[in-house]
Amino acid sequence: MTSAAEALKRLRKGNRRFVTGRNDIARSIGEARRAELLEGQTPFAVILACSDSRVPVELIFDQGLGELFVIRVAGNIVAPSQVDSIEYAASELGTPLVVVLGHSNCGAVEAALREITQKQSSPSSHLRSIVNRIRPAVEPLLDQCREKVTLPQAVLANVRQSVRQLRCGSPDLEELIYKGDLTIVGAKYSIETGEVRFLDG
């Protein structure tokens with residue numbers, strides 16, 4: 001079984017291949033690989049990422065079929081369905097690592113920042129529900145910063161908030177963390193460079 005440290009190393013190496021153009025995802029998406037996965041899956045990492053089309057998770061980590069358990073939602077927010085999915089992967093599939101992956105130029109975080117600072121509510125009730133989940137990450141920044149809060153600061157705060165929610169918001173995940181069977185870390189993907197920077201772990 002893969003450890004969290006090994007899983008993190010695989011993600012780092014995969015991202016390095018992606019950034020340098022030496023990725024080889026074709027090796028793990030063919031007919032033989034599909035046949036291997038008929039009996040089940042054992043992904044080595046869960047990635048909670050934004051739905052942004054510029055952040056293709058398997059590609060940026062150079063991973064193929066059955067290797068990552070990917071959950072995508074605008075703003076990489078934590079809501080009950082995301083927690084349930086992560087609990088399933090960690091408990092039932094034995095996945096040892098969860099990465100909350102934010103990214104530069106995140107539209108959902110930008111919408112939250114704009115709504116909070118300019119008092120402009122989104123006309124969409126669905127977008128407001130996402131913004132309301134990002135708000136607790138961004139509002140403390142406004143209290144701490146004397147100058148204007150930047151989008152990169154808000155993106156990092158949102159990732160850290162999601163990591164905290166996962167570490168402390170689910171008894172099942174808390175138990176797995178306590179037993180050393182699960183690690184949850186944050187990361188940020190740069191749309192400009194293709195590089196993923198891990199915030200901890």
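The values are calculated or read from the model by the stated rules, or taken from the named source; none is laboratory data. Keep in mind that what you see is a predicted model, and the values were worked out from it rather than measured. Positions of Cβ are generated from backbone atoms using ideal geometry, with glycine treated the same way; all protein chains shown enter the neighbour counts. For accessibility, only protein heavy atoms count, side chains too; no ligands or nucleic acids. Shrake-Rupley method; radii C 1.70, N 1.55, O 1.52, S 1.80 Å.
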**Request:** Give the accessible area for Y88 in Å² (nearest 10); use a 1.4 Å probe, count only protein heavy atoms, and leave out ligands, DNA and RNA.
**Result:** 100
**Prompt:** Among 52-59, 35-42, 10-17, what's the highest-first ranking by average C-beta atoms within 10 angstrom per residue?
**Reply:** 10-17, 52-59, 35-42
**the chain - accessible surface per residue (Å², probe 1.4 Å)** = 52
**Request:** Report, to the nearest whole %, how much of the accessible area of the chain belongs to carbon and sulfur atoms, 1.4 Å probe, protein only.
**Result:** 49
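Listed highest first by mean packing, meaning other Cβ atoms within 10 Å per residue, what order do 73-79, 112-118, 133-139 come in? Display every interim value, and only then the final one.
Values: 73-79: 22.0, 112-118: 18.1, 133-139: 19.7.
Put in order of decreasing packing, that is 73-79, 133-139, 112-118.
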**Complete:** Which of V19, V159, V99 fluctuates most in a GNM of the chain (C-alpha springs under 10 Å)? That residue is V19
**Prompt:** Taking the alpha-carbon centroid of each part, what is the distance from the range 65-111 to the range 7-30 in angstrom?
**Reply:** 19
**Request:** Write down the percent of antiparallel bridges among all DSSP beta bridges whose residues are both part of the chain, to the nearest 5.
**Result:** 15
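Please give me, ordered by residue number, the trypsin sites (Lys or Arg not before Pro) of the range 168-201 that lie in loop per DSSP and have at most 15 other Cβ atoms within 10 Å. Let's see the in-between values first.
Details: sites: K179, K188, R197; in loops: K179.
Sites meeting the loop and neighbour criteria: K179.
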**Cα-based reach from K13 at 16 Å (exclusive), listing aspartates and glutamates while leaving out same-chain residues under 8 positions away** = D24, E58, D62, E67, E195
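In percent, how large is the relative contact order of the chain, given Cα pairs closer than 8 Å and 6 or more residues apart?
Values: 319 pairs, mean separation 47.6, N = 201.
That works out to 24 percent.
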**Message:** Quick query: amide H of A45 versus all other amide H atoms, modeled in the peptide plane; which residues come in under 5 Å with a sequence gap of 5 or more or a different chain?
**Reply:** F69
**Asked** Can you list the HN-Hα couplings for the range 159-165, worked out from phi with the Karplus curve (6.51, -1.76, 1.60; θ = phi - 60°), rounded to whole Hz and with x for Gly and Pro?
**Response** 4, 4, 4, 5, 4, 4, 4
**Long-range amide H partners of I184 with built H, under 5 Å** = V98
**Fill in**
The local net charge around G14, scoring Lys/Arg +1 and Asp/Glu -1 for residues other than G14 whose Cβ lies under 13 Å from its Cβ, equals +2
**Request:** Starting from the Cα-Cα distance between L59 and D172, subtract it from 0.36 nm times their residue separation and give me the gain in nm to one decimal.
**Result:** 37.7 nm
**Item:** Kirkwood-based Rg to Rh ratio, the chain, C-alpha trace
**Value:** 0.99
**Tilt relative to the chain, helix 107-118 - C-alpha long axis, 0 to 90 degrees, to 10** = 20
**Residue-wise HN-Hα coupling along the range 166-183, computed from phi with Karplus coefficients 6.51, -1.76, 1.60 (Hz; x: Gly, Pro)** = 6, 5, 10, x, 9, x, 5, 5, 4, 5, 5, 5, 4, 7, x, 8, 8, 10
